[in-house]
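Read the structure below first, then the notes.
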Amino acid sequence: MVINIKKEYYDKLDNMALCIAKKLGEDENVTEDILECIRKIYGGTRLNRLNEENFHSSYHQSATPDAEFFISRIFFNFSLLNKLNWNILLRVQSKINGKFFSPDIRIEKEGKTLAIVEFKLKVGWIQGLFSDKRAEYDRKKMKEGQTIFDVDKFRQSEKERVDKLSGGFEVSKDKIFYLVPSLREAHRKKYETTIEDYKRIFTGVVGIPERNLILLSNNLRLNLDVENLKEKLSPRNDFESFIKMLNNSV
């Protein structure tokens with residue numbers, strides 16, 4: 001019974017992905033639909049809705065696995081509808097020259113990697129990759145002995161991860177992408193940093209082209225993990241551009 005319920009849930013996610021893939025095939029904008037679907041995925045993780053007189057929960061399970069599945073199925077369905085023969089690998093571990101690699105999503109065709117997509121549902125714990133101001137704050141905290149977190153080592157480790165993915169799968173870095181719905185956690189009201197600033201900083205840190213940061217929303221205050229959304233979704237067209245680029249590269 002539980003298995004059937006879970007299957008029904010993932011079938012619904014797949015159907016949403018299929019609808020978006022169809023729109024992409026008709027050259028329609030789909031990013032707003034993707035953001036809305038991610039909101040629904042978040043909604044399904046809030047078990048505190050079950051709170052009753054003698055039962056209370058603040059448990060909030062991770063939405064990332066389901067969101068990754070949803071995004072990967074958009075790629076799969078788009079390939080299927082357009083007979084592109086892409087192979088979509090979601091968190092599949094590959095052993096190359098004795099080393100193991102498991103990118104979030106890898107898209108390949110006939111054994112050749114077309115794109116690697118690292119998916120970050122939220123950027124809270126990686127905000128130092130996007131914000132120089134946050135990096136400065138972390139450095140100050142470490143210097144004062146208030147934290148052992150070394151933001152520069154963290155930045156270097158993420159750059160090395162990109163280098164390893166590039167070398168391991170024998171692809172140039174222009175085939176490695178990061179997909180991020182919103183930069184809310186990296187932005188502060190007092191910051192004057194713009195979307196383009198954040199893109200420039202992040203891609204400079206990890207060593208990929210600016211276009212390879214696929215950002216879904218222009219709204220720096222957008223929090224998709226709320227029941228009553230007051231902020232505008234403000235969709236960008238990075239995702240559509242990525243699909244076109246990928247389609248044309250085949």
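The values are calculated or read from the model by the stated rules, or taken from the named source; none is laboratory data. Just so it is clear, the model here is predicted, and its values are computed rather than measured. Neighbour counts are summed over all protein chains in view; Cβ atoms, including those assigned to glycine, are modelled from backbone coordinates with ideal geometry.
The residue pairs whose first member lies in region 58-84 and is over 22 Å from Glu118 (Cα atoms), whose second member is among the charged types (D, E, K, R) and part of a helix (DSSP H, G or I), and whose beta carbons are closer than 8 Å, counting only pairs six or more residues apart or on different chains, are Leu81/Lys22. Give the residues of region 205-225 that are under 20 Å from Leu121 (Cβ atoms) and in contact (Cβ under 8 Å) with a residue 40 or more places away in the chain, sorted by residue number. Residues satisfying the conditions are Val205, Val206, Ile208, Ile214, Leu216, Ser217, Leu222, Asn223, Leu224, Asp225. Exactly one residue out of Ser234, Ser182 is out of contact with any Pro (no Cβ under 9 Å at 6 or more places or on another chain), surrounded by fewer than 19 Cβ atoms within 10 Å (Cβ to Cβ) and either of a type in the set (S, T, N, Q) or modelled with pLDDT of 95 or more (or both), and it is Ser234. Taking the listed residues Ser172, Ser241, Ser217, the one that is exposed (fewer than 15 other Cβ atoms within 10 Å of the Cβ) and closer than 27 Å to Ala63 by Cβ is Ser241, with no other qualifying. For Asn97, the conditions (1) surrounded by fewer than 10 Cβ atoms within 10 Å (Cβ to Cβ); (2) without any contact (Cβ under 8 Å) to a residue 24 or more places away in the chain; (3) within 24 Å of Ala115 (Cβ to Cβ) are fulfilled apart from (2). Restricting attention to region 226-244, the residues being without any contact (Cβ under 8 Å) to a residue 60 or more places away in the chain and touching a Lys or Arg at 6+ places or on another chain (Cβ under 8 Å) number 2. Checking every residue in region 41-54 against the condition of being surrounded by fewer than 16 Cβ atoms within 10 Å (Cβ to Cβ), out of contact with any strand residue (DSSP E or B) (no Cβ under 7 Å at 6 or more places or on another chain), within 23 Å of Asn218 (Cα to Cα) and modelled with pLDDT of 90 or more gives zero matches. Among the candidates Asp150, Asp225, the residue that is surrounded by 18 or more Cβ atoms within 10 Å (Cβ to Cβ) and over 30 Å from Leu84 (Cβ atoms) is uniquely Asp225. You will find that of Glu192, Glu240, Glu158, the residue that is acidic (Asp, Glu) and either at pLDDT below 95 or touching a Phe, Trp or Tyr at 6+ places or on another chain (Cβ under 9 Å) (or both) is Glu192 and no other. When region 88-143 is filtered for residues that are aromatic (Phe, Trp, Tyr) and either part of a helix (DSSP H, G or I) or over 22 Å from Ile74 (Cα atoms) (or both), the ones remaining, listed by number, are Phe100, Phe101, Trp125, Phe130, Tyr137.
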